[in-house]
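Trainee: Next up is a structure, given as structure tokens.
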Amino acid sequence: MSSEPPPGSGQQPPEDDDPFRKQPPPPSYGAGDPYGSSGPTGGGSPYGGGAPYGAGGGDPYGGAGDPLSGMPPLADSGRRVLARIIDMILVGVVAWLLTWGFNVNEYDIDNDDIEYGRSLGQSLIVAVLYIAYDTILISRTGQTLGKTWLKLRVANLDNGATPSVQTTLVRSLVLWIPFAFCCACVWTAIAGGWSFFDKPYKQGLHDKVAKTVVVSTG
């Protein structure tokens, strides 16, 4: 009987069953400790010295070893931007339909007849939709629809696993709360565009807070 949760349960598979979680390589019997001073080639650790996973993955900001060891390559920042644009269009259409249906896309001040493009109600709908979209999809598979189509995936920096609901929620809040209530596309450009300049992990600001990275899956 399958141990995976039934579809739609909203639960993540156990960490040990996560196919993306980094696993240590099998021991090379008779060739010495693969993480010690004598590797299969006699030239030290095959990963450049030291256990690449540290103690259960290690601290992604300051721990010893390279947390990217064993992961797929980091995603190209341009593809990340394109995936984000796709997601914004998909969710934006739904948000527009809801705000139009509930008549909260604009309101008037009678005295001055000033139309406001976005009301508090619209901002709330936008925030909830974007946060729910990112949190639910990324915590289940590491991918939104845009990331799936462009073969990208969000991963924990320390162990390569699919981020938990808590981690993904923090990541989504950092990205979408300012977008919905004050800075809109300016904040999205800053937070996401940070990956073009960040070294060595190509993280956006939301990735830095959540300690995640985006990797290529193909």
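Trainee: Cross-chain or 8 or more residues apart, Cα under 17 Å: how many lysine pairs in segment 147-218 fit that? Count them up, please. Don't skip to the answer; put the middle values down first.
Mentor: Working: 147/202; 151/202; 199/208; 199/211; 202/211.
Count of close lysine pairs: 5.
Trainee: A follow-up question, please. Within 13 Å, Cβ to Cβ, of residue 202, how many net charges do the neighbouring residues add up to if Lys/Arg are +1 and Asp/Glu are -1? It would help to have the intermediate numbers written out before the result.
Mentor: Values: positive: 79, 80, 199, 208; negative: 76, 198, 207.
Residues near residue 202 contribute +1 overall.
Trainee: Counting only residues 5 or more places away or on other chains, whose amide H sits under 5 Å from the amide H of residue 152 once H atoms are built in the peptide plane?
Mentor: Placed amide hydrogens put 217 under 5 Å from residue 152.
Trainee: Please work out how much length the chain gains when fully extended from residue 82 to residue 186, using 0.36 nm per residue of separation minus the C-alpha to C-alpha distance, in nm with one decimal. Present the calculation step by step, with values, prior to reporting the outcome.
Mentor: Numbers: separation 104, 0.36 × 104 = 37.44 nm, distance 1.60 nm.
Between residue 82 and residue 186, full extension yields 35.8 nm more.
Taken together, the values in this text are just the output of simple stated rules run on the coordinates, not laboratory data. As the structure is a prediction and not an experimental result, all values here were calculated from the model. Cβ: placed from backbone, ideal geometry, glycine included. Neighbour counts: every protein chain shown.
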